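Asks: This is the structure I have questions about; it appears just below.
The values are calculated or read from the model by the stated rules, or taken from the named source; none is laboratory data. Every value quoted in this text rests on a predicted model; they were computed, and no experiment measured them. All Cβ positions, even for glycine, are placed from backbone atoms using ideal geometry, and neighbour counts span all protein chains on display. These area figures cover heavy atoms from the full protein model, side chains too; ligands, DNA and RNA do not enter into them. Shrake-Rupley method; radii C 1.70, N 1.55, O 1.52, S 1.80 Å.
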Amino acid sequence: MAMNWLKENITKARENLTAEVAKFKNRSFMEAVVAGCALVAAADGSVDASEKQKMAAFLERSDELKHFDIREVIEVFNKAVGDFEFDQAIGKTNALQTISKVRGKDDQARVIVRVVCAIGAADGDFDDDEKAVVREIAQELGLKPEEFDL
């Protein structure tokens with residue numbers, strides 16, 4: 001379902017996500033979104049320089065994250081990526097732990113999954129590795145991946 005609505009009307013979907021994100025202007029929500037971004041970026045097993053640049057540029061111009069101080073967003077992203085660069089397993093564990101802080105807040109959790117779906121699809125290729133990571137994020141948040149057509 002989430003992928004279908006994303007494909008059918010990406011502009012409208014992004015506008016809706018932006019409005020929904022605006023409701024959750026808190027640090028744990030922002031950190032969970034950014035950790036999800038880092039997980040998606042690392043879905044292929046590493047975060048190379050081009051992925052970091054692409055993700056940083058996305059975060060800087062993201063309507064979904066414009067409600068947060070961009071310096072904080074980039075700082076949180078760089079820390080998450082640094083964890084992946086140090087050790088893939090540690091990076092993944094830390095990112096999922098950050099994401100889990102929003103577990104039980106279903107409205108926020110659903111928005112996070114939709115944002116990371118949008119990020120995965122942003123380059124026009126939402127590949128199987130990225131979908132698998134988003135499924136894990138949904139499960140970490142206590143949501144069913146099927147809800148998001150994953």
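Asks: Note the full-extension length gain between Arg103 and Asp87 as 0.36 nm times their separation in residues minus their Cα-Cα distance, in nm to one decimal.
Replies: My answer for the length gained is 3.3 nm.
Asks: Return the Rg/Rh value of region 34-139, two decimal places, where both radii are evaluated on C-alpha atoms and Rh is the Kirkwood radius.
Replies: In region 34-139, Rg relative to Rh is 0.92.
Asks: What FRET efficiency do you get for Arg71 and Glu146 if R0 is 25 Å and r is their Cβ-Cβ distance, rounded to the nearest 0.05?
Replies: Rounded to the nearest 0.05, the efficiency is 0.10.
Asks: Cα-Cα pairs above 16 Å in region 93-150: how many percent?
Replies: Result: 36 percent of Cα pairs exceed 16 Å.
Asks: Let me ask something additional. Might you work out the accessible area of Glu147 for me, using a 1.4 Å probe with all protein chains in place, and round it to the nearest 10 Å²?
Replies: For Glu147, solvent-accessible area is about 70 Å².
Asks: Is there a pair in Lys52/Lys144; Lys54/Lys101; Lys101/Lys131; Lys66/Lys101 whose C-alpha atoms are over 24 Å apart, and which pairs would that be?
Replies: Pairs exceeding the cut-off: Lys52/Lys144; Lys54/Lys101.
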